[in-house]
Amino acid sequence: MSNPENNTKTYWKTNVKYLTILLTIWFVGSYGAGILFRNFLDQVRIGGFKLGFWFAQQGSIYLFVILIFVYVKLMNRLDKKYGYDKD
C-alpha cells in the first residue's frame, strides 16, 4: 500500500510545477511580448494597432484566460490520479 503522506507531497510538488510553468508562460507572453519584444512586434498591425501594443493591452489577458483553462484541465487530471476527485 502506498504512503498517503508521500502521495500528498508528490501531488503538491506536481501542482507547484504546473503553476511555475504556467506563470512563466504568462510572464513571457505579457512582459516579453508587451515590453521586451515590442519593437519587433510593432512591425505588425492588428486592427490598426501595433502588435506590441495589442499584446500589452489585450493579449496578456487572453493568454491568462487560456492558461486558467489549461490549469483546470491539468488539475482535474492530477486530482483523478491521486484520488482527490471524489466528492
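The values are calculated or read from the model by the stated rules, or taken from the named source; none is laboratory data. Because the structure is a prediction, the values reported are computed rather than measured. We place every Cβ from the backbone using ideal geometry, glycine too, and count neighbours over all the protein chains shown. With ligands, DNA and RNA removed, areas are computed over all heavy atoms of the protein, side chains included. Shrake-Rupley method; radii C 1.70, N 1.55, O 1.52, S 1.80 Å.
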field: Which of TYR84, TYR11 is most accessible, then next, and so on - probe 1.4 Å
entry: TYR84, TYR11
- request: Count the lysine pairs in the chain whose Cα atoms lie under 15 Å apart, taking only pairs 8 or more positions apart in sequence or on different chains.
  value: 5
- request: Report, to the nearest whole %, how much of the accessible area of the chain belongs to carbon and sulfur atoms, 1.4 Å probe, protein only.
  value: 65
query: Spin-label point model (7 Å from Cα, Cβ direction): what's the VAL16 to GLN43 distance in nm?
result: 4.2
query: What residues from segment 1-44 fall in the zone where the backbone N is under 15 Å from a label point 7 Å along the Cα-to-C-beta line of ASP79?
result: 12, 15
field: DSSP-loop trypsin sites (Lys or Arg not before Pro) across segment 50-87, with at most 10 other Cβ within 10 angstrom
entry: LYS86
Computed magnitude of the charge dipole of the chain (debye, nearest 20; Cβ of K, R +1, Cβ of D, E -1): 140
- prompt: To the nearest 10 degrees, how steeply does helix 4-27 sit against the main Cα axis of the chain, on a 0 to 90 scale?
  reply: 0
task: Apply the Debye scattering formula to segment 24-87, with a single equal point scatterer on each alpha-carbon and no solvent, then give log10 I(q)/I(0) at q = 0.13, 0.14, 0.17, 0.25 Å⁻¹.
output: -0.47, -0.51, -0.62, -0.95
